[in-house]
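Engineer: I have a structure here, written as structure tokens, and I will follow up with some questions on it.
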Amino acid sequence: MLPALAAVYRAQLSRARVARIPLLFVATFQSVGIMILMRGVVDGGDEARAVVAGSSVLVVAFVALNLLAQYFGQLRASGGLDHYATLPVPPAAVVLGAAGAYASFTVPGTAVTAVTGSVLFGLPMGHLWLLAAVVPLAGAALAGLGAALGLLATRQELATLCGQLGMSAALLLGVLPAGRMPGPLALARDLLPSTYGVEALARAFDARPDWSLVAADLGVCAAVGVLSLAVATLAYRRAAVR
């Protein structure tokens with residue numbers, strides 16, 4: 001399992017480096033632009049923390065959710081899964097390797113967005129090391145969801161649509177302050193896995209973060225990540241034998 005996972009990860013990382021780096025710049029520029037726009041509406045406090053944290057996690061959603069859904073949708077539509085099916089590689093290694101490679105590209109953009117937002121809103125940066133936990137755990141949850149959407153979609157166009165809708169949900173429900181949302185949207189926000197990464201990162205801007213709540217939010221991300229990657233693995237097995 002581990003050698004196969006490492007091989008798939010290196011192969012996907014090499015492929016994504018060429019094809020996805022320009023889109024990573026787009027994702028980072030998009031998140032920074034959103035923070036600049038929100039600066040005219042939000043002055044500081046909890047709302048500023050929510051905007052910066054949501055914009056930072058949005059980079060993860062753009063790459064790990066949106067692009068991965070498109071990738072697996074294209075792979076299924078073009079018959080690329082047949083190539084992996086002929087290799088002695090476990091299905092879980094294919095899903096985890098691709099998800100890990102795509103999620104890895106979110107690290108620089110997330111860090112740049114978080115630091116830029118902290119400077120823009122005057123937030124403390126002493127606990128931004130928490131990104132080291134937020135990015136992989138939120139990335140695992142969103143990457144697993146993106147892979148599952150791409151593999152379960154019956155057509156490539158549906159996979160692209162699902163990925164775009166997922167990223168739009170992360171944008172709407174993650175960046176806007178929770179206190180300004182109506183009840184139904186607040187409920188939908190609680191169902192979105194990236195929300196808990198946003199909440200954990202937002203607490204990092206407090207002078208004395210409540211680490212128990214941070215651990216609880218990250219625990220939800222980890223649990224959703226395991227579940228979504230398991231669903232994606234089952235979807236891969238189902239699509240590969242057809």
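The values are calculated or read from the model by the stated rules, or taken from the named source; none is laboratory data. The structure displayed is predicted, hence computed values, not measured ones. Using ideal geometry, Cβ is built from the backbone for each residue, glycine included, and neighbour counts are taken over all protein chains shown. These accessible areas exclude ligands, DNA and RNA; they are computed on the full protein's heavy atoms, side chains included. Shrake-Rupley method; radii C 1.70, N 1.55, O 1.52, S 1.80 Å.
Engineer: Could you pull out the residue among 160, 110 that is assigned to a helix (DSSP H, G or I), within 19 Å of residue 221 (Cα to Cα), under 16 Å from the mean Cα position of the chain (by Cα) and among the β-branched types (Val, Ile, Thr)?
Structural biologist: 110
Engineer: Quick check: anything in segment 120-131 open to solvent by less than 30 Å² (accessible area, probe 1.4 Å), in contact with a helix residue (DSSP H, G or I) (Cβ under 7 Å, 6 or more places away or on another chain) and over 19 Å from residue 203 (Cβ atoms)?
Structural biologist: no
Engineer: Among the residues of segment 196-210 satisfying the criterion of being farther than 11 Å from residue 50 by Cβ and buried (at least 24 other Cβ atoms within 10 Å of the Cβ), which is nearest to the chain's Cα centre (by Cα)?
Structural biologist: The qualifying residue nearest to the chain's Cα centre (by Cα) is 197.
Conditions tested, residue by residue: (1) open to solvent by less than 10 Å² (accessible area, probe 1.4 Å); (2) under 16 Å from residue 195 (Cβ atoms); (3) at pLDDT below 80.
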residue	(1), (2), (3)
45	no, no, yes
54	yes, yes, no
58	yes, yes, no
70	no, no, no
75	no, no, no
82	no, no, yes
91	no, no, yes
105	no, no, yes
111	no, no, no
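Engineer: Now for a separate question. I'd like the full set of residues that are of a type outside the set (A, V, I, L, M) and under 21 Å from residue 68 (Cα atoms), limited to segment 114-141.
Structural biologist: 136, 139
Engineer: Among the listed residues 98, 141, which satisfies the condition of being more than 22 Å from residue 214 (Cα to Cα) and crowded, with 24+ Cβ neighbours inside 10 Å?
Structural biologist: Criteria check complete, one pass: 98.
Engineer: May I ask you to say which residue of 8, 52 is of a type in the set (Val, Ile, Thr) and either under 30 Å from residue 122 (Cβ atoms) or in contact with a His (Cβ under 7 Å, 6 or more places away or on another chain) (or both)?
Structural biologist: Only one candidate qualifies: 52.
Engineer: Could you say which residue among 102, 71, 84 is over 22 Å from residue 162 (Cα atoms), in contact (Cβ under 8 Å) with a residue 24 or more places away in the chain and among the aromatic types (Phe, Trp, Tyr)?
Structural biologist: Sole residue among the options that is over 22 Å from residue 162 (Cα atoms), in contact (Cβ under 8 Å) with a residue 24 or more places away in the chain and among the aromatic types (Phe, Trp, Tyr): 84.
Engineer: Among the residues of segment 168-185, is there at least one that is among the hydroxyl-bearing types (Ser, Thr, Tyr), over 25 Å from residue 30 (Cα atoms) and open to solvent by 20 Å² or more (accessible area, probe 1.4 Å)?
Structural biologist: No, that holds for no residue.
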